[in-house]
Amino acid sequence: MQRILAIAGLTWKAALRFKLFLVIAVLLLITVVGLPLVIKDDGTAQGFIQIILTYTLSCITVLLGLATLWLSCGTLARDIEECQIQVVATKPVARWQIWLGKWLGIVSLNAVLLAISGGSVYGLLLYRTAQKPAEVQAILHNEIMVARGSAREASNADEIESETDRILQGRLKSTPVDQADRAQLRKQIREMVRGDLQLVPPSYERSWKIDLGLARHSLAGKPLQLRVKFNAANKSASGTYGAWWQIGDPKSPNVVRLAPLHLAPDTFHEIPIPADLFDARGILTVTFVNLNDTALLFPLDEGLEVLYPEGGFALNFARGLGIIFCWMAVLAALGLAAASLLSFPVATFFTLAVMLVVLASGTLADSVDSGSVAAGDEESGIAGHSVADVVLIPAFRGMLGVINLVKDFSPIDALSTGRSITWDELGLAFAQIVLLMGGILAGAGIFLFSRRELATAQGTQ
């Protein structure tokens, strides 16, 4: 361990000698302080948080990520190319200790930079919040500067699949379909079944049974929020739609009918609801009545959820920074693994290409969902086909599985919407991102570095 720490110290000295630490620290502070001054919010609590939290944390993540890739590629590749690594490798220091020492140095550097920039964001947030009007402060403290848990209706995936199979078998008995087209037919039927569960026709109502679980024991007297999103079949003249909500079991006297609201479609709305409207089992009944002249659709995955206070903002913010730190740790491992085999320019290009693939994961997911890399005919519902699908679709599916191990965590989105980042999520992020992905990259990097001929890497003669 002493040798690893010595290599980490040398990495720190190199970063300080080349002014990298100071440059990145200054850039991060300029981002934290300057961005809210340059971009003005719209005066609402949501706009204020969008600037202070979302934009600043996103910029911090991008800056630290690029700096991490550049430093991790450069610190090893340049040492090899300039023959400086030979001075260390000839000493009684194993190559895996050199590799881990450089990784530990970069990770500790990121920890300090993330602590400085994150602390600055938190301090600026508290300072700017205190200057807001009382009503805006109330919204911030109740809906954003808090750690809120989320509860949704129980999953009905099994019900959807069984109903899809039943309808499909009935269709096949009346109208035989080729084996090649059955998958597409099943997909269409499944979407139809999902649509029936999501749709609320005019003059109809839809009820959700939300199980608050063990959280019910700590929610006495605490107000909750509904987070809703819907789509409309037809446009309205005003651009909004009337929403009539009833909270509580209709058979119980403990029920509240909210004042009618006019909400815009295709966007999230948070609606405060009174406290203590769930029953003894922790079941909160939410009923929506559609008195509009068009059908409304509440998506199963994000149509309605109940948000409730679960903890404080400071600790939640620290856990969010912890997940960002895990991202930086795996980027450091990626850069060092590339530099273990490639030259500095090629390693940098390779790591940036990997990042582009990660950013394009949405396109990969669309191809996997459609089953083809070729575009289909949306109007006729005919899926595209390509001879490359046999190879590319399984490859894309495998790539998405790896990418989602890292991308499944969204600390910035959670913090900007007041969502709780639990210790379990942080632990899972550390296990998946640092231990699993970082461990695989570290193993590959150490193996390549151990097999590399350092004496052949002569920068000058």
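The values are calculated or read from the model by the stated rules, or taken from the named source; none is laboratory data. Just so we're clear, the structure is a prediction, and the values are computed from it rather than from any experiment. Neighbour counts are summed over all protein chains in view; Cβ atoms, including those assigned to glycine, are modelled from backbone coordinates with ideal geometry.
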- Item | Residue pairs meeting the criteria (Cβ under 9 Å; at least 6 apart or on separate chains; first over 21 Å from Leu125 (Cα atoms), in region 15-37; second in a helix (DSSP H, G or I) and of a type in the set (Phe, Trp, Tyr)) | Ala15/Phe21; Leu20/Trp70; Phe21/Trp12
- Message: For the structure I just gave you, tell me whether Tyr122 is without any contact (Cβ under 8 Å) to a residue 40 or more places away in the chain, part of a helix (DSSP H, G or I) and among the hydroxyl-bearing types (Ser, Thr, Tyr).
- Response: no
- Could you check, for region 156-164, whether at least one of its residues is within 25 Å of Asp266 (Cα to Cα) and crowded, with 16+ Cβ neighbours inside 10 Å? yes
- In region 280-294, what count of residues is obtained for those that are crowded, with 16+ Cβ neighbours inside 10 Å and either touching a Gly at 6+ places or on another chain (Cβ under 7 Å) or not in a strand (DSSP E or B) (or both)? 4
- With respect to Ala89, is the statement that it is of a type in the set (A, V, I, L, M), modelled with pLDDT under 75 and more than 33 Å from the chain's Cα centre (by Cα) true? yes
- Verdict on Gly101 being surrounded by 15 or more Cβ atoms within 10 Å (Cβ to Cβ) and modelled with pLDDT of 85 or more: yes
- Output the number of the condition that Leu109 fails; it satisfies all remaining conditions of (1) more than 22 Å from Pro345 (Cα to Cα); (2) over 22 Å from the mean Cα position of the chain (by Cα); (3) buried (at least 16 other Cβ atoms within 10 Å of the Cβ); (4) modelled with pLDDT under 85. (4)
- Being over 32 Å from the mean Cα position of the chain (by Cα), hydrophobic (A, V, I, L, M, F, W, C) and either assigned to a strand (DSSP E or B) or surrounded by 12 or more Cβ atoms within 10 Å (Cβ to Cβ) (or both) is the filter here, so list the residues in region 245-262 that pass it. Val255, Val256, Leu258
- Message: Looking at Ala183 and the list (1) among the small types (Gly, Ala, Ser); (2) under 30 Å from Ile4 (Cα atoms); (3) surrounded by fewer than 16 Cβ atoms within 10 Å (Cβ to Cβ), which single condition is not satisfied?
- Response: (2)
- Message: Here's a check for you: in region 249-281, which residue that is modelled with pLDDT under 90 and of a type in the set (Gly, Ala, Ser) is nearest to Thr417 (Cα to Cα)?
- Response: Ala275
- Query: Within region 263-270, is there a residue that is without any contact (Cβ under 8 Å) to a residue 40 or more places away in the chain, outside any loop (DSSP other than H, G, I, E, B), under 27 Å from the mean Cα position of the chain (by Cα) and surrounded by 13 or more Cβ atoms within 10 Å (Cβ to Cβ)?
  - Reply: yes
- Taking into account only those residues within region 230-243 that are surrounded by fewer than 19 Cβ atoms within 10 Å (Cβ to Cβ) and either assigned to a loop (DSSP other than H, G, I, E, B) or not assigned by TED's automatic domain parsing to the domain that holds Asp301 (or both), which is farthest from the chain's Cα centre (by Cα)? Ala237
- Query: Quick one: is Ala147 at pLDDT 85 or above, surrounded by 13 or more Cβ atoms within 10 Å (Cβ to Cβ), of a type in the set (A, V, I, L, M) and out of contact with any helix residue (DSSP H, G or I) (no Cβ under 7 Å at 6 or more places or on another chain)?
  - Reply: no
- Of all residues in region 1-55, how many are charged (D, E, K, R), exposed (fewer than 13 other Cβ atoms within 10 Å of the Cβ) and not in a loop (DSSP other than H, G, I, E, B)? 2
